[in-house]
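Enquirer: Below you will find the structure I want to go over with you.
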Amino acid sequence: MTTRIFFLLPALALVSATVLSAPLAAQEAPAAAPASAATPPTLGYADLADLVAASPLVIDATIRSPARIKGAEAAGVAAGKTRFYVEADVGSLVRGASAIPARVGWVVDVAPDWRGRVPSLKKRRVLAFARPVAGQPGQVQLVQPGAQHDWSAALEQRVRAIASEFAAPDAPPVVTGVRSAFHVPGALPGEGETQIFLNTRDNRPAALSVLRRPGEQPRWSIALSEIVDDSAPTPRRDTLLWYRLACALPATLPEASTAALSPDDAEQARADYGFVIEQLGPCRVAPPVAASTPAPILSGGGGPM
């Protein structure tokens with residue numbers, strides 16, 4: 001006979017939520033877990049930005065009671081990983097727009113430690129990238145099965161910085177593709193300007209500009225208004241504007257965007273677009289974190305089977 005374990009949630013204790021809330025109270029941090037050879041490589045900016053964008057909640061919490069899940073509730077776990085249901089004491093909300101209980105539970109798939117064994121999770125301080133579960137205030141769902149990472153001051157600082165970029169009133173628009181391009185040759189050989197207009201999720205203006213002058217290195221810029229400023233600085237790597245360009249633009253200029261140009265102008269527009277992509281560099285150096293498949297939610301009160 002299958003036994004269902006239920007976990008009791010605190011009745012009314014809530015953690016208030018702001019985008020960059022402070023810890024509830026000064027606490028002695030638990031001892032850090034030893035480094036694991038199985039730990040994924042350091043998360044790059046794009047990996048963290050993906051997680052922050054997908055996560056209404058980013059929770060700094062200390063795991064209180066992990067319970068290993070077996071049987072049907074562990075279906076779909078990736079090879080080598082182990083599924084747990086954990087309850088954790090919330091220290092602070094790094095990102096969030098609503099209050100949550102002081103203790104919450106979630107399901108997580110965990111990779112083996114450096115010895116190839118199932119790691120110890122009890123008292124481990126983590127950052128959980130999650131979303132609320134409708135009708136279950138004491139439960140959250142990780143946005144990915146493994147979207148729980150060991151806490152460190154450096155990781156929290158990076159996540160807070162990215163969350164601030166997302167929340168800024170002047171945050172750059174989400175780029176969804178390339179709309180059109182045109183090229184204007186200059187009076188001298190090797191002189192000219194290419195402008196490439198981008199599609200954005202909220203239809204805000206965005207355009208790339210590449211300026212070439214004889215004897216000089218090409219210069220490119222991005223305009224986020226109707227006015228193109230060729231002297232504007234290019235986006236720095238590991239910023240939200242860089243991320244929304246480097247991780248969204250296609251590798252080559254779509255043919256439809258140059259359909260109205262002459263063959264020579266279209267060729268130059270493609271070359272200038274390639275220059276921009278080269279200058280942006282790859283979105284990710286290491287392989288991306290796991291695909292954004294949501295972590296499972298356990299039924300029947302939140303406890304494991």
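Enquirer: Applying a 10 Å radius around every beta-carbon, put 123-129, 167-173 in order of their mean neighbour count, most first.
Expert: Result, highest mean first: 123-129, 167-173.
Enquirer: Additional query: Could you tell me which residue out of W151, A207, Y243 lies farthest along the dipole of the stretch 132-290 toward its positive end? Charges go on the beta carbon: Lys and Arg +1, Asp and Glu -1, centred on the Cα centre.
Expert: W151
Enquirer: Order of 55-65, 209-219 by packing, highest average Cβ count within 10 Å first?
Expert: So the order, starting with the most tightly packed, is 55-65, 209-219.
Enquirer: Of the peptides 111-118, 146-153, how do they stack up when ordered by the mean number of other Cβ atoms within 10 Å, highest first?
Expert: Packing order, densest peptide first, comes out as 146-153, 111-118.
Enquirer: Give the calculated FRET efficiency between A260 and D202 to the nearest 0.05, with a Förster radius of 45 Å applied to their Cβ-Cβ distance.
Expert: Efficiency at R0 = 45 Å is approximately 0.95.
Enquirer: Moving on. Which whole number of Å³ per residue matches the convex hull of the alpha-carbon atoms in the stretch 92-206?
Expert: Taking only Cα atoms, the stretch 92-206 has a hull volume of 216 Å³ per residue.
Enquirer: If I model a spin label as a point 7 Å beyond the Cα along the Cα-Cβ vector, how far apart are those points for R284 and R131 in nm?
Expert: Taking the simple label geometry, R284 and R131 are separated by 1.9 nm.
Enquirer: Sticking with this structure for a sec: Using a Förster radius of 35 Å, what is the FRET efficiency between A187 and D229 based on their Cβ-Cβ separation? Nearest 0.05, please.
Expert: 0.95
We did not get these values from a lab; they are worked out from the coordinates using the rules stated. Predicted model, so just to flag it, every value in this text is computed and none were measured. Virtual Cβ from ideal backbone geometry, glycine too; neighbours counted across all protein chains shown.
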